[in-house]
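Quick notes on the structure that follows.
The values are calculated or read from the model by the stated rules, or taken from the named source; none is laboratory data. Small disclaimer: the values here were computed from a predicted structure and weren't measured. Cβ sites come from the backbone with ideal geometry, for glycine too, and all protein chains shown count toward neighbours.
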Amino acid sequence: MSEIGKKWLYVVGIGESGIAGLSEDARTVVAQAAHVFGGKRHLELARDIIAGKASAWPTPFSIAPVVALRGQPVCVLASGDPFCFGVGATLARDIAASEMTVLPAPSAFSLAASRLGWALQETETVSLHGRPAELLSPLLHPNRRIIALTSDAEAPANIAALITRRGFGSSRVTVLEALGGPDQQIRSSLANCFSLANVNPLNVLAIEVRADPQAKLLPLTAGMRDALFETDGQLTKREVRAVTLAALAPCRGQLLWDIGAGSGSIAVEWMLADPSMRAIAIEQDRVRVARIASNARNCGVPGLLVIEGEAPHALSGLETPDAIFVGGGGSAPGVLPSAISALRQGGRLVANAVTLEMETVLLESHARLGGELTRIAISRAEPVGSMTGWRSAMPVTQWSWVKP
């Protein structure tokens with residue numbers, strides 16, 4: 001491997017077909033490496049050609065043993081495509097691309113799509129390997145196709161149960177086991193009567209989504225139905241929530257603080273805008289804290305971080321936000337000034353007021369800092385005796401501001 005130069009690390013994707021599925025270059029790399037790292041299954045698949053020292057990943061998982069050998073000929077074995085929810089991305093955090101050569105094999109997504117005859121660019125893909133199954137919920141839209149990486153033999157049944165609870169029990173789920181290997185097996189069932197037994201722990205789940213009449217659909221636009229949230233009444237209502245999210249202007253990869261989160265609806269819908277979105281909900285009421293976490297799970301964003309505490313003290317030490325929403329408790333001393341101070345340059349702050357006290361704070365902030373003031377008034381048609389009339393909700397004053 002003297003010709004490698006700076007490239008001392010090879011990352012080789014290997015499938016269930018083992019060394020038979022490796023290219024000649026990949027076999028040469030594995031055979032000539034002084035050190036070979038991988039999962040126990042990977043090392044066993046390549047056992048016949050490994051001449052160097054074979055090391056399984058430590059528990060808990062760490063790439064430190066690989067980094068410690070920098071400059072020596074090292075090979076890492078990975079499942080399929082190392083940069084598709086694989087170890088490649090983890091290695092790249094500490095090892096420059098100029099130091100490694102990657103020889104990928106087909107990913108589990110590619111293998112599953114090819115077996116099913118599905119166009120991968122028209123299929124939703126998600127990894128549920130070591131991650132909450134609730135991440136699947138935002139993808140459950142009628143007539144869509146989903147391929148999900150799973151963690152173990154129990155995952156298909158658990159996911160089928162989740163799908164059924166959300167009102168998609170008539171969806172067809174296909175379990176693709178040990179793809180590419182001698183034990184490959186493909187079996188299907190409806191989600192609401194899933195009973196497949198002896199599932200191989202190495203499996204991928206494909207879902208053809210069918211919605212039942214009462215399916216809990218999570219729409220792509222902001223302003224989900226209020227009924228999709230558990231609440232004690234402290235909820236930014238649907239129409240106001242849609243206007244608020246528009247003012248917050250979510251951009252991929254950004255972090256939101258939801259101060260005085262109530263039921264967490266703003267933080268939840270912020271995170272639903274894109275899988276890269278992050279949010280921290282700050283709420284002082286312990287019961288509401290639990291309710292926010294439940295809403296996050298039910299709406300498919302289990303990664304929402306919920307902080308129990310009272311602003312402004314609870315804001316100390318939190319990661320700098322790209323956007324802040326101030327809902328409940330915004331008129332308390334120090335809350336709005338602390339939010340303004342914490343916001344990064346160019347970040348957006350949106351605050352809503354339904355009380356005169358909070359409105360006064362927003363009017364003063366607008367007079368001092370500028371920004372935009374908006375009055376949101378919503379009326380809904382409701383029965384008035386035997387007829388119908390308009391009933392007005394409490395008006396909301398909204399201040400939005402970009403930090404210069």
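Taking the range 309-404 as the region of interest, none of the strands (runs of 3 or more DSSP E) fully inside it holds 3 or more residues being out of contact with any strand residue (DSSP E or B) (no Cβ under 6 Å at 6 or more places or on another chain) and among the aliphatic types (A, V, I, L, M).
Selection of first residues in the range 270-299 that are under 19 Å from Leu162 (Cα atoms) and of second residues that are surrounded by fewer than 19 Cβ atoms within 10 Å (Cβ to Cβ) and aliphatic (A, V, I, L, M), restricted to Cβ pairs under 9 Å at least 6 apart or on distinct chains, gives the following pairs, ordered by first then second residue: Leu272/Leu220; Asn295/Leu228; Asn298/Leu228; Cys299/Leu228. For the range 374-403, a tally of residues being more than 20 Å from Gly328 (Cβ to Cβ) and of a type in the set (A, V, I, L, M, F, W, C) returns 6. Listed by first and then second residue, the pairs linking a residue in the range 192-207 that is within 16 Å of Ala178 (Cβ to Cβ) and assigned to a strand (DSSP E or B) to a residue that is of a type in the set (Asp, Glu) and modelled with pLDDT of 95 or more, with Cβ atoms under 9 Å apart and 6 or more places separating them unless they lie on different chains, are Asn203/Asp152; Asn203/Glu177; Val204/Glu177. Counted as qualifying within the range 77-177 are the helices (runs of 4 or more DSSP H) with 1 or more residues that are within 20 Å of the chain's Cα centre (by Cα) and closer than 29 Å to Glu24 by Cα, namely 87-92, 108-116.
Checking Val29, Val74, Val66 one by one, the residue that is buried (at least 18 other Cβ atoms within 10 Å of the Cβ) and touching a Cys at 6+ places or on another chain (Cβ under 6 Å) is Val29 and no other.
Yes/no per residue for (1) in contact (Cβ under 8 Å) with a residue 40 or more places away in the chain; (2) within 25 Å of Glu230 (Cβ to Cβ):
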position: Ala311; (1), (2): yes, yes
position: Leu336; (1), (2): no, no
position: Arg348; (1), (2): yes, no
position: Ala367; (1), (2): no, no
position: Arg375; (1), (2): no, no
position: Arg391; (1), (2): no, yes
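When every residue of the range 246-255 is checked against the conditions, at least one turns out to be outside the structural domain of Thr125 (by TED's automatic domain parsing), part of a strand (DSSP E or B) and touching an Asp or Glu at 6+ places or on another chain (Cβ under 7 Å).
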